[in-house]
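Please read the structure below before turning to the comments.
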Number of protein chains: 2
Amino acid sequence: MRAATIKDGGIVVAEHPDPEPGPGEVLVRVRAAGLNGADVLQRAGKYPAPPGHPQDIPGLEFAGEVVGLGPAAERFAVGDRVTGITGGGGQAELLKVHERQITPAPHGLDWAQAGGFSEVFTTAHDAIVTQAGLRPGERLLVHGAAGGVGTAGVQLGHAMGAHVTASVRNQELHNRVAALGADEVVFPELLESKEHDAAPFDVVLELVGAPNLGVNVRRLATGGRIVVIGVGAGPKGEINLFGLMSARGRLMASTLRARPLEEKAAAARRIEREVLPLVARGAITVPVAASYPLDEAAAAYDHFTGGGKLGKIVLTFD
Amino acid sequence: MRAATIKDGGIVVAEHPDPEPGPGEVLVRVRAAGLNGADVLQRAGKYPAPPGHPQDIPGLEFAGEVVGLGPAAERFAVGDRVTGITGGGGQAELLKVHERQITPAPHGLDWAQAGGFSEVFTTAHDAIVTQAGLRPGERLLVHGAAGGVGTAGVQLGHAMGAHVTASVRNQELHNRVAALGADEVVFPELLESKEHDAAPFDVVLELVGAPNLGVNVRRLATGGRIVVIGVGAGPKGEINLFGLMSARGRLMASTLRARPLEEKAAAARRIEREVLPLVARGAITVPVAASYPLDEAAAAYDHFTGGGKLGKIVLTFD
């Protein structure tokens, strides 16, 4: 099989042996696979894949058709359209993955959208629903709302009946984030100023990093929860514990990739139950900024790291 | 009635009007009332009592006998021995308090012990069980383990089947904390060093403050929870969010006093169900360092702030 392959800090297309599905695994012919920040870190040698996944093939999410079943695999049949997350290796023509970690492909999405669905929506749903326990009527703040997880978080929050404030640095993307369901789209600096005098936030989805810690704690409602998923702007910062005590608040931090099968399987069941129906009725969608055939994988990575876009960059496979 | 009374930053004994129990409230003749750090802050004018509580009478916990019932109060009868937390005013001969916020006095404790039971055990149980969800077999670290909440946390953790590491600065108290059920008692500095190479901690009860944030995150187990209840050593400090992400950890911070009745009532029900039985069978106790009659309230406060003790300082009432 052919796959996007990390070589000398760049991406090439190379031949690899076809994977063989093991017990409980299915073999998927990948039709589309989204790019994520973790792929770029892995390309730079800074984020090794977990054991059992190829070190040189990036890709944490995929959509495709089941073309083979390992021993005891029973949830899907050959020909089923599936989507899911994987610890790595998704940007390849073939992928083996445990059947409990994947879901049926969402109704209403084309292949490119389906290939860019699982990682960001599983991450966003796990963060704001499973961890932070967002409830209808609560106020959600999403920092870094124009990114992949950010756009997923804005849509999920809106679809769940929360009031969504989206913080977006790039003014050109403000209208497009508002169109995804944000009740207000603001520059990050506005939250620091007294001009923004809105009510405090019940849940903060932090996708930028430690520089936002101060404002997040100051603007936290009683019983509020801050969930940190991304720290691209810096991992270390000062926190005022007295402020967090006064709010009776919680700071949660997480990653998806390193979790064991049982946790990823539980997350996949929640996606099936709680998110696929929202996709099917058009309440949420997957914005795709661009899709590239596998042969242009290097260009896809350049586009991904270039910034200034809204929506996923996806590799497609014939 | 007479009560310990804040005057000019000190404590005197003064006369006050008898309180009248309102709807759902009981009138308690207080027999004993413990001192807590919040009383000292309030004495210094730094921690005003919540609305509905006297500003000049300290006291967050008490034990005594019901001597009157307000309209619709039905959980207790006159003569019942009760104990509980209050937003303030506990260090007085008479106290009115909502019946749902208190519990029967624990079997097996004398009045002084019962008067020093509720605040520290409710705080510790809420932190490590209700919030952090401590489970049998987990590893609990208690920072500031020789204090009131600390000794409660050590005992609760041990009684629940957790492995308890107690961090205590004063060497003279190490053996006494060990006798309360700590599996190991260490100096705080040891946790920073490579000499302490034990397994990471699932739950950290932080009673000291921000200076411990670094080691707490570094030593946190996957899925670990840090609960901050005290910040006497400083509220602000640096946190490594990447470290917290790697552990998929949570930092929780809380206070008990500011909570609404429904939350205090729920906490009191959990104390009845989960902690009073532990007291009744002798698995946990209330160490009392000294008790003072009301007339010596000022001396009690001096003793409390002096440090170097293990156990509660309690005011007693005839």
Which members of segment A:48-74 meet the condition of being without any contact (Cβ under 8 Å) to a residue 40 or more places away in the chain and touching a Lys or Arg at 6+ places or on another chain (Cβ under 8 Å)?
A:GLU65
Going by the conditions given, is A:ALA105 buried (at least 24 other Cβ atoms within 10 Å of the Cβ) and either within 17 Å of A:GLU272 (Cα to Cα) or in contact with a Ser or Thr (Cβ under 8 Å, 6 or more places away or on another chain) (or both)?
yes
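Condition check ((1) under 20 Å from A:ASP126 (Cβ atoms); (2) hydrophobic (A, V, I, L, M, F, W, C)) across all residues:
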| site | (1), (2) |
| --- | --- |
| A:LYS264 | yes, no |
| A:ALA268 | yes, yes |
| A:ARG281 | no, no |
| A:VAL288 | no, yes |
| A:ASP295 | no, no |
| A:ASP302 | no, no |
Exception for A:PRO136 within (1) in contact with a strand residue (DSSP E or B) (Cβ under 9 Å, 6 or more places away or on another chain); (2) farther than 18 Å from A:GLY311 by Cα; (3) without any contact (Cβ under 8 Å) to a residue 60 or more places away in the chain falls at (1)
Given (1) more than 27 Å from B:HIS143 (Cβ to Cβ); (2) in contact with a helix residue (DSSP H, G or I) (Cβ under 7 Å, 6 or more places away or on another chain); (3) buried (at least 23 other Cβ atoms within 10 Å of the Cβ), where does B:PHE76 come up short, assuming only one miss?
(3)
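Mind checking which residues of segment B:252-262 are more than 11 Å from B:PRO50 (Cα to Cα) and within 16 Å of the chain's Cα centre (by Cα)? Even if it seems obvious, please write down each step before you answer.
Going residue by residue through segment B:252-262, those that are more than 11 Å from B:PRO50 (Cα to Cα) are B:252-256, B:261-262.
Correct list: B:ALA253, B:SER254, B:THR255, B:LEU256.
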Across segment A:9-30, the tally of residues that are at positive phi and surrounded by 14 or more Cβ atoms within 10 Å (Cβ to Cβ) stands at 1
Can you find a residue that is farther than 19 Å from A:GLY249 by Cα and β-branched (Val, Ile, Thr) anywhere in segment B:186-209?
yes
Looking at segment A:116-129, is at least one residue touching a Ser or Thr at 6+ places or on another chain (Cβ under 6 Å), hydrophobic (A, V, I, L, M, F, W, C) and assigned to a helix (DSSP H, G or I)?
no
Residues that are within 15 Å of the chain's Cα centre (by Cα), within 14 Å of A:ALA162 (Cα to Cα) and surrounded by fewer than 24 Cβ atoms within 10 Å (Cβ to Cβ), drawn from segment A:117-139
A:HIS125, A:VAL129
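For every residue, the table says whether it meets (1) of a type in the set (D, E, K, R); (2) buried (at least 22 other Cβ atoms within 10 Å of the Cβ); (3) assigned to a strand (DSSP E or B).
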| position | (1), (2), (3) |
| --- | --- |
| B:ALA32 | no, yes, yes |
| B:HIS53 | no, no, no |
| B:VAL67 | no, no, yes |
| B:ALA72 | no, no, no |
| B:LEU141 | no, yes, yes |
Among the residues of segment A:168-206, which ones are of a type in the set (A, V, I, L, M, F, W, C), in contact with an Asp or Glu (Cβ under 9 Å, 6 or more places away or on another chain) and crowded, with 19+ Cβ neighbours inside 10 Å?
A:PHE201, A:VAL203
Suppose the filter is surrounded by 15 or more Cβ atoms within 10 Å (Cβ to Cβ), more than 14 Å from chain A (Cβ to nearest Cβ) and closer than 24 Å to B:ASN170 by Cβ; does B:THR285 pass it?
yes
In this structure, is A:ALA266 surrounded by fewer than 20 Cβ atoms within 10 Å (Cβ to Cβ) and not acidic (Asp, Glu)?
yes
Among the residues of segment A:243-251, is there at least one that is out of contact with any Gly (no Cβ under 9 Å at 6 or more places or on another chain), among the polar types (S, T, N, Q) and in the same structural domain as A:GLY157 (by TED's automatic domain parsing)?
yes
Looking only at helices (runs of 4 or more DSSP H) that lie completely in segment A:178-270, which have at least 2 residues being under 18 Å from A:ARG139 (Cα atoms) and within 11 Å of another protein chain (Cβ to nearest Cβ)?
A:213-218
Of the candidates B:THR86, B:THR165, the one satisfying the condition of being assigned by TED's automatic domain parsing to the domain that holds B:HIS196, polar (S, T, N, Q) and in contact with an Asp or Glu (Cβ under 9 Å, 6 or more places away or on another chain) is B:THR165
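The values are calculated or read from the model by the stated rules, or taken from the named source; none is laboratory data. The model shown is predicted, which means the values in this text are computed figures rather than measured ones. For neighbour counting, all protein chains shown are included, and Cβ atoms are generated from backbone atoms with ideal geometry for every residue, glycine included.
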